[in-house]
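Asker: I have a structure here, written as structure tokens, and I will follow up with some questions on it.
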Amino acid sequence: MDGMFQLASERDVPHIYALIRTRIAWMDDQGIESWNKTGYLDRFPEAYFLEKCRAGELYVLRGPDGALHGAVVLLSEDRRWDGLPPAHAYYLHNLVSAPDAHGAGRTILRSVETLAHQNGKDVLRLDCIRGNDAINRFYERAGYLACGECTDGPYHGILREKRLSAIPQ
């Protein structure tokens, strides 16, 4: 999928939140237990995304027509990784893609990797819900290896990381 990966603007936030609601409804329709079963919207209200946007930590993927195809929050620290070796990393959170934007998730991951190389990061880290085999296979195929677990309220996740090579591919 082609697209433009860029920092989000404040006017993107309501559209990102609507996309998250759409994805949660899709999870319900598909019988997938993830954000729809862990109080995601309560934990991450629209104000959270506005805060991340204002901090320069919220990115969007737009299609060739400018339509919003996905979003991700990139952090430089993440308490879920406390106790594991520190790293010069981006921590990916809240990655969402439009259900009809096939390949958007992979495009976001590749775009984050490119950005990480540009900013001298050594590793990409994320967590995903334990028990969702499809999403775990998706991240494994993208090179994110399991290296621990985390618990945050009703959420039980698998910590995954991808070490970056010295030269982007």
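Asker: Would you grab the residues whose amide H sits under 5 Å from the one on residue 3? Only those 5+ places off in sequence or on another chain, please, with H modelled 1.01 Å from N.
Answerer: Placed amide hydrogens put nothing under 5 Å from residue 3.
Asker: Using the Cα gyration tensor of the range 1-46, with a ≥ b ≥ c the square roots of its eigenvalues, what is the shape: rounded (a/c below 1.5), prolate (a/b larger than b/c) or oblate (neither)?
Answerer: Oblate, since a/c reaches 1.5 and b/c is not below a/b.
Asker: From the helices alone, meaning DSSP H stretches of at least four residues, give me the mean residue ellipticity at 222 nm for the chain, per-run term -39500 (n - 2.57), in deg cm²/dmol to the nearest 500.
Answerer: The per-residue figure over the chain is -10000 deg cm²/dmol.
Asker: What GluC sites (Glu not before Pro) does the range 67-169 have in DSSP loop regions with at most 11 other beta carbons within 10 Å?
Answerer: Those satisfying the criteria are 77.
Asker: Additional query: Which one, 58, 116, 83, is farthest towards the positive end of the dipole of the range 42-127 when Lys and Arg carry +1 and Asp and Glu -1 on their Cβ?
Answerer: The residue sitting farthest along the positive end of the dipole is 116.
Asker: What chymotrypsin sites (Phe, Trp or Tyr not before Pro) in the range 78-121 are in a loop by DSSP, with at most 12 other Cβ atoms within 10 Å of the Cβ?
Answerer: Filter output for the range 78-121: empty list.
Asker: Okay, moving on. Near residue 145, within a Cβ-to-Cβ distance under 10 Å, what is the net charge of the other residues, with Lys and Arg +1 and Asp and Glu -1?
Answerer: Local charge sum for residue 145: +1.
Asker: In the neighborhood of residue 33, defined by Cβ-to-Cβ distances under 13 Å, what is the net charge if each Lys or Arg adds +1 and each Asp or Glu adds -1?
Answerer: -1
Asker: Relative to the present Cα-Cα distance, how much length would full extension add between residue 114 and residue 82 at 0.36 nm per residue of separation?
Answerer: Extending this stretch completely gives an extra 9.0 nm.
Asker: I've got another one for you. For residue 121, list the lysines whose Cα falls under 24 Å from its own Cα; do not include residues on the same chain fewer than 8 positions away.
Answerer: In chain and number order, the partners are 52, 162.
Asker: I'd like to check one number: the per residue accessible area of the chain, probe 1.4 Å, reported in Å² as a whole number.
Answerer: Here the residues of the chain average 53 Å² of exposed surface.
The values are calculated or read from the model by the stated rules, or taken from the named source; none is laboratory data. Because the structure is a prediction, the values reported are computed rather than measured. Counting neighbours? That spans all protein chains shown, and the Cβs are built from the backbone with ideal geometry, glycine included. Protein only, heavy atoms only, side chains kept; ligands, DNA and RNA dropped before computing areas. Shrake-Rupley method; radii C 1.70, N 1.55, O 1.52, S 1.80 Å.
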